[in-house]
Amino acid sequence: MDTAPPPLMPRAICHWNDQPYRLTEAQLGAFVNEHIPALIWDFDIQAERIDPDDVLLDEDDLPPDSLHLRIHDCPAFHSGPGEVTRWNDIAGKHIALTGEDEPEVLVYTGEHLGLTDGAFELREIDGRLWIHLHGHCDGMHGPARIVLDAPLDFGTIACGRSDEAHARARIASVVDPAHYTFESDRYGVARFRPIGGR
């Protein structure tokens, strides 16, 4: 009896209209607001333009040489107490970018632009969390459709400037602190990194 071949892993892609970009960073992090017992999710994705070899391009007609996408600090995209034991537990979320309460998606292309008329979705594929995102923006490079598929690397849960005891008490309202190691960055911001990438 024939067995079905394993599904192909998706390919990491990023396009501005038809122009391909190389992903250089795709980070997922979270923040615990002291007033909201929830993880507020934060994405930071960067890509650089791929130009064809041995072709002289007209700089005036080129799309931006790099893209920096941020999705951050949005109460509409959060996880409350007990909803997340592994970071991949947010897989399956689908958020449309059409209303005032939706996450703010910013694209930096030499200017800050808002991404609209689109959506993003999170999927767990072969143990990794992937983001699929599409939308439109308009700026000095003209109107553009952005499409992105990328695996996300886990970062930290930030807790603002706080000592370890207070920071642990804050994340304990949302996740089990035993699954995280404490660190403080150079700005004095308390951060918790998942043990073993969980």
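The values are calculated or read from the model by the stated rules, or taken from the named source; none is laboratory data. Only a predicted model underlies this, so the values are computations on that prediction, with no experimental measurement involved. All Cβ positions, even for glycine, are placed from backbone atoms using ideal geometry, and neighbour counts span all protein chains on display. These area figures cover heavy atoms from the full protein model, side chains too; ligands, DNA and RNA do not enter into them. Shrake-Rupley method; radii C 1.70, N 1.55, O 1.52, S 1.80 Å.
Identify, please: which residue in the range 125-158 is of a type in the set (Val, Ile, Thr) and open to solvent by less than 30 Å² (accessible area, probe 1.4 Å) and is, among those, farthest from GLY196 (Cα to Cα)? Reasoning before the result, please.
As a first pass, look at the range 125-158 and keep what is of a type in the set (Val, Ile, Thr): 125, 131, 146-147, 156-157.
Now narrow it down to the ones that are open to solvent by less than 30 Å² (accessible area, probe 1.4 Å): 131, 146, 156-157.
Working: ILE131: 21, ILE146: 33, THR156: 12, ILE157: 15 Å.
Within the range 125-158, the match that is farthest from GLY196 (Cα to Cα) is ILE146.
In the range 145-166, how many residues are in contact (Cβ under 8 Å) with a residue 60 or more places away in the chain and in a strand (DSSP E or B)?
15
Would you please name the residue that is nearest to ASN88 (Cα to Cα), looking only at residues in the range 112-137 that are of a type in the set (A, V, I, L, M) and in a strand (DSSP E or B)?
LEU129
Suppose we keep only residues that are assigned to a strand (DSSP E or B), at pLDDT below 85 and out of contact with any Ser or Thr (no Cβ under 9 Å at 6 or more places or on another chain) within the range 100-111. Which one would you say is least open to solvent (accessible area, probe 1.4 Å)?
Step by step, filter the range 100-111, then rank; the result is LEU106.
Can you confirm whether the range 11-18 contains a residue that is in contact with a Phe, Trp or Tyr (Cβ under 7 Å, 6 or more places away or on another chain), modelled with pLDDT of 80 or more and within 30 Å of CYS159 (Cα to Cα)?
Scanning the range 11-18, I find no residue that is in contact with a Phe, Trp or Tyr (Cβ under 7 Å, 6 or more places away or on another chain), modelled with pLDDT of 80 or more and within 30 Å of CYS159 (Cα to Cα), so the answer is no.
Which of the residues that make up the range 159-174 are open to solvent by less than 60 Å² (accessible area, probe 1.4 Å) and either among the charged types (D, E, K, R) or more than 15 Å from GLU34 (Cβ to Cβ) (or both)?
Let us first name the residues in the range 159-174 that are open to solvent by less than 60 Å² (accessible area, probe 1.4 Å), namely 159-160, 162, 167, 170-174.
Listed by number, the list holds a single entry, ARG170.
Quickly run through the range 167-198 and pick out the residues that are farther than 25 Å from ILE125 by Cβ and in a strand (DSSP E or B).
Answer for the range 167-198, where residues must be farther than 25 Å from ILE125 by Cβ and in a strand (DSSP E or B): THR181, PHE182, GLU183, SER184, VAL189, ALA190, ARG191, PHE192.
Among the residues that make up the range 49-65, is at least one of them in a loop (DSSP other than H, G, I, E, B), at pLDDT 80 or above and touching a Gly at 6+ places or on another chain (Cβ under 7 Å)?
yes
Conditions (1) under 18 Å from the mean Cα position of the chain (by Cα); (2) acidic (Asp, Glu), marked per residue:
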| site | (1), (2) |
| --- | --- |
| GLY135 | yes, no |
| ALA144 | no, no |
| ARG161 | no, no |
| ASP185 | no, yes |
| ALA190 | no, no |
